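Since the structure comes first, as structure tokens, the remarks are kept for the end.
The values are calculated or read from the model by the stated rules, or taken from the named source; none is laboratory data. Computed from a predicted structure; not experimentally measured. Cβ placement follows ideal geometry from the backbone for every residue including glycine, while neighbour counts extend to all protein chains displayed. What goes into the accessible areas is simple: the full protein's heavy atoms, side chains included, and nothing from ligands, DNA or RNA. Shrake-Rupley method; radii C 1.70, N 1.55, O 1.52, S 1.80 Å.
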Amino acid sequence: MAETEDKAALSGGDTTDACLSYKTPAPKSLKEIQELDKDDPSLTKYKKSLLGDSIEAQATGEGPKVTLEKLALEVEDHEDIVLDLSGDLAKLKEKTFTIKEGVSYNAKLTFKVENDIVAGLRYEQTSHKGLVKCDQTKYMLGSYAPKSEAQIYRAPVEEFAKGLMARGHYTVHSKFVDDDETEFLNWEWAFDLKKDWE
């Protein structure tokens with residue numbers, strides 16, 4: 001499973017005063033961005049390259065709406081484990097997926113962004129084995145402009161734990177949020193880590 005945030009934080013990174021004093025610029029809506037420097041052809045062309053030609057039709061100024069359609073675990077030498085997030089999320093809590101210990105995988109998130117740019121989109125999950133918190137994962141997806149089609153994010157390859165102590169039943173609390181802590185989706189699911197696929 002993924003390293004905890006604490007372990008990731010200890011792996012390095014600049015903590016100088018310059019970094020700590022950085023302030024995030026005030027957010028601007030997509031319509032405000034479109035209006036900025038609209039008489040400058042080179043900037044207009046650059047914004048279109050980032051945002052796409054059909055972006056004006058997508059911008060409503062109502063704030064971003066993000067819909068997470070599915071979370072898939074792309075597993076080595078096995079069919080994907082897919083969580084369909086478009087239906088009744090309570091049913092996911094009732095279902096338990098079986099996963100083979102030690103297998104390599106990467107998470108694939110399929111989502112749609114509508115209305116406006118979403119800044120600092122991220123996926124977070126906390127795993128528990130019984131009452132014990134055993135793993136905390138955070139994927140920083142970045143910022144996205146609205147599009148009519150679904151967008152995809154693939155996380156780096158990771159590996160599930162293995163061994164007798166690792167096997168057992170896990171519950172996972174997941175959420176999909178942005179820099180403003182707007183919560184677009186929040187749900188729970190479960191899996192059993194076993195010696196082999198069953």
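The rows are residues; the columns are (1) within 16 Å of Trp189 (Cα to Cα); (2) open to solvent by 60 Å² or more (accessible area, probe 1.4 Å).
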{"position": "Pro64", "(1), (2)": "no, no"}
{"position": "Leu68", "(1), (2)": "yes, no"}
{"position": "Phe97", "(1), (2)": "yes, no"}
{"position": "Glu101", "(1), (2)": "no, no"}
{"position": "Leu109", "(1), (2)": "yes, no"}
{"position": "Gly120", "(1), (2)": "no, no"}
{"position": "Met140", "(1), (2)": "no, yes"}
{"position": "Ser148", "(1), (2)": "no, yes"}
{"position": "Gln151", "(1), (2)": "no, no"}
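From the list Val132, Val172, Val118, Val157, exactly one residue is of a type in the set (A, V, I, L, M, F, W, C) and within 21 Å of Lys65 (Cα to Cα). Which is it? Before you say what the answer is, go through the steps one by one.
Numbers: Val132 fails: within 21 Å of Lys65 (Cα to Cα); Val172 fails: within 21 Å of Lys65 (Cα to Cα); Val157 fails: within 21 Å of Lys65 (Cα to Cα).
Step by step, each of Val132, Val172, Val118, Val157 is checked, and only Val118 is of a type in the set (A, V, I, L, M, F, W, C) and within 21 Å of Lys65 (Cα to Cα).
Sort through Asp179, Asp192 and tell me the only one that's touching a Lys or Arg at 6+ places or on another chain (Cβ under 9 Å), modelled with pLDDT of 95 or more and of a type in the set (Asp, Glu). It would help to see each step written out before you state the result.
On the way: Asp179 fails: modelled with pLDDT of 95 or more.
Going through Asp179, Asp192 in turn, just one is touching a Lys or Arg at 6+ places or on another chain (Cβ under 9 Å), modelled with pLDDT of 95 or more and of a type in the set (Asp, Glu): Asp192.
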Residue that is most open to solvent (accessible area, probe 1.4 Å), among those in the range 40-62 that are modelled with pLDDT of 70 or more and over 20 Å from Asp178 (Cα atoms): Pro41
Test result for Glu124, outside any helix (DSSP H, G or I), open to solvent by 50 Å² or more (accessible area, probe 1.4 Å) and not small (Gly, Ala, Ser): no
Scope the range 172-198; condition touching a residue at least 40 places away in the same chain (Cβ under 8 Å) and assigned to a loop (DSSP other than H, G, I, E, B); matching residues: Asp178, Asp179, Asp180, Thr182, Lys195, Asp196, Trp197, Glu198
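Could you check the range 92-120 and list, in sequence order, the residues that are among the aliphatic types (A, V, I, L, M), modelled with pLDDT of 95 or more and part of a strand (DSSP E or B)?
Step one: list which residues in the range 92-120 are among the aliphatic types (A, V, I, L, M), which gives 92, 99, 103, 107, 109, 113, 117-119.
Those still in the list that are modelled with pLDDT of 95 or more too: 99, 103, 107, 109.
Hits for the range 92-120 are Ile99, Ala107, Leu109.
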Of all residues in the range 168-187 being surrounded by 15 or more Cβ atoms within 10 Å (Cβ to Cβ) and charged (D, E, K, R), the one that is farthest from Asn106 (Cα to Cα): Asp178
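Name the one entry in Glu69, Glu74, Glu114 that is touching a Lys or Arg at 6+ places or on another chain (Cβ under 9 Å) and closer than 19 Å to Tyr170 by Cα.
Values: Glu69 fails: closer than 19 Å to Tyr170 by Cα; Glu114 fails: closer than 19 Å to Tyr170 by Cα.
Just one listed residue meets the conditions, Glu74.
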Some residue of the range 106-122 being on the phi < 0 side of the Ramachandran plot, among the hydrophobic types (A, V, I, L, M, F, W, C) and free of Cβ contacts under 8 Å to residues at least 12 places away in the same chain: no
Qualifying residue in the range 145-161 (condition: at pLDDT below 95, of a type in the set (Asp, Glu) and not in a strand (DSSP E or B)): yes
